[in-house]
Amino acid sequence: MESSQVNWKNIRVLVYTKNGKGYVHDNIPNAVAAFQKMGKEHGFTVDVSDDPKVFTDDNLHKYAALIFTSTNNEVFDTEQQKVAFMRYIQSGGGFMGVHSAIGTERSWTWFKQLLGGTFLWHARSQSFKVNVIDAAHPSVKDVPKVWTRFDECYFSKELYPGIKVVMVHDVSSLNPNQDTLIKKSMGSYGNLYPAVWYQDFDGGHVWFTALGHHKEDYEKADLVNHLYQGLHWLVGQTKGRDLSKAYATSPQTPVRY
């Protein structure tokens, strides 16, 4: 699979950081700074907001991708905001989820399908291996084939069958001191558990990584490259967005697949 060439000039992305009630990651300012630096280096515009009022048809139309970085729990105030988000995706828009974005909107079926699942549990922060299993996908360019990271190994539930996995947690490399919880959370996956994936969903395009818990990660070249390659691939998919293709009228509007 070849990567689409991206002309970053006139590209604008939105980094969204709102958290609902519950745990809030201290990595969010660092992640924002990393995306802003990325924008300066590659020549694209980065807007940042934690205000759900940005979710309108008119405002979202200008973005090649929406990046939810360590969002968590409920991040929309109204059904109209959710519908505008759905319509953006249905128009051919792009969604990038980073780390605890998998714990966002845990009761909204459409969002969980879009993202590819919802958070279940993570092992304690530790050094473990993350392996590339789809080396042909552009989002793993310059990413180590076996990447030893000090991070959180995320496990999810309600995994959506449309996701295409490009990187996996090597569960066998985790410290066995939480073995009972690890085996319970990994289900029937065995030692390789989805960590990074993409999918085409409801007219739009999605890329998600479970990595990036520690704020220091966002100052390291390896994680920043990982995020850049994911964004580069995603933006390459979102040319020619067309709002006339959007059909959602409520957050419960069924997916047309």
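For the stretch 27-91, please list each of the helices (runs of 4 or more DSSP H) lying entirely inside it that holds at least 2 residues being among the basic types (Lys, Arg), open to solvent by 50 Å² or more (accessible area, probe 1.4 Å) and modelled with pLDDT of 95 or more. Before the answer, list the steps.
Numbers: elements: 28-42, 57-60, 79-90.
Qualifying helices (runs of 4 or more DSSP H): 28-42.
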remark   = Checked pairs for the stretch 12-26, first without any contact (Cβ under 8 Å) to a residue 60 or more places away in the chain and under 23 Å from Lys37 (Cα atoms), second of a type in the set (Lys, Arg) and open to solvent by 80 Å² or more (accessible area, probe 1.4 Å), C-beta under 9 Å and 6 or more apart or across chains, list as Arg12/Lys62; Leu14/Lys62
ask   = Which residue pairs have Cβ atoms closer than 7 Å, lie 6 or more positions apart in sequence or on different chains, and pair a first residue in the stretch 119-130 that is within 25 Å of Trp108 (Cα to Cα) with a second residue that is part of a strand (DSSP E or B) and open to solvent by 70 Å² or more (accessible area, probe 1.4 Å)?
value = Leu120/Lys157
inquiry  = Looking at Lys239, Lys183, can you tell me which residue is charged (D, E, K, R), out of contact with any strand residue (DSSP E or B) (no Cβ under 9 Å at 6 or more places or on another chain) and within 19 Å of Gln126 (Cβ to Cβ)?
reply    = Lys183
note = Of the residues in the stretch 159-181, those that are among the small types (Gly, Ala, Ser) and without any contact (Cβ under 8 Å) to a residue 40 or more places away in the chain come to Ser172
task = Sort out which residues of the stretch 136-158 are open to solvent by 30 Å² or more (accessible area, probe 1.4 Å) and in contact (Cβ under 8 Å) with a residue 40 or more places away in the chain, and write them in order of number.
result = Ala136, Lys141, Asp142, Pro144, Phe150, Lys157, Glu158
inquiry  = On the basis of being in contact with a Ser or Thr (Cβ under 7 Å, 6 or more places away or on another chain) and either at pLDDT below 95 or β-branched (Val, Ile, Thr) (or both), does Val196 make the cut?
reply    = yes
request  = Scan the stretch 114-149 residue by residue and report those that are hydrophobic (A, V, I, L, M, F, W, C) and in contact with a Leu (Cβ under 6 Å, 6 or more places away or on another chain).
outcome  = Ala123, Phe128
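The values are calculated or read from the model by the stated rules, or taken from the named source; none is laboratory data. Note that the structure is predicted; figures quoted are calculated from it, not measured. Cβ atoms come from the backbone with ideal geometry, glycine included; neighbour counts cover every protein chain shown. When the accessible area is computed, the model is the full protein with side chains, heavy atoms only, and any ligands, DNA or RNA have been set aside. Shrake-Rupley method; radii C 1.70, N 1.55, O 1.52, S 1.80 Å.
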